[in-house]
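Colleague: Mind having a look at this structure? Questions to follow.
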């Protein structure tokens, strides 16, 4: 496995330093052109690849090593990522693929665990209850994402930006455990109140920023209303 040094063409480009060639970014679908990837897919399903770190690392690094590019990123688009331990799922247009929750007792059920840098999630739904997402990325960008959970369902990551997204507390309330996050044009849905983080973990030192976003507001006269921030 090739490991990038602390100083490289890629890192120089990220730091806006001069490079010997012009930086180029391109998106690839390995399944269409790489026999090495197709050989792995003949033996392992896509869910197994996602759940096994060794296989995920292999398919990620294949084009880096074969095409001799300087770095690899991660982008997820037009996907539903679900852990149906505690939630039902109706597959659009095909009831044969519906999923029935495995337990009425809410327990830890991570739908997405991710690490690395410069992750992009666009038109993605993240569905679970407790610990829906465990993010360990340096930087992540979320665009038009739907996510729901009860407690600790958005934790982790050094910094992330959410835009045009919907964040839902399906049980009416809970703690999302979000810190150092920028929310722009996002909507939060809760009927019994909500919290961004737990103060005892020091998250207050890494505040969130809300821009043109909508929060639920509890009121004796009107139940739960909404307020724009």
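Colleague: Among 164-174, 119-129, 86-96, 50-60, what's the highest-first ranking by average C-beta atoms within 10 angstrom per residue?
Modeller: In descending order of packing, they fall as 119-129, 164-174, 50-60, 86-96.
Colleague: Between residue 77 and residue 52, what is the label-point separation in nm under the 7 Å Cα-to-beta-carbon projection?
Modeller: My value for the distance between the label points is 2.9 nm.
Colleague: Here's something else I'd like to know. Which residues does the label zone of residue 33 cover in the range 47-80, counting backbone N under 13 Å from a point 7 Å along Cα→Cβ?
Modeller: 63-64, 66-69, by backbone N distance to the label point.
The numbers here are math on the coordinates, done by the rules we state, and not lab data. All values reported here derive from a predicted model rather than from experimental measurement. Using ideal geometry, Cβ is built from the backbone for each residue, glycine included, and neighbour counts are taken over all protein chains shown.
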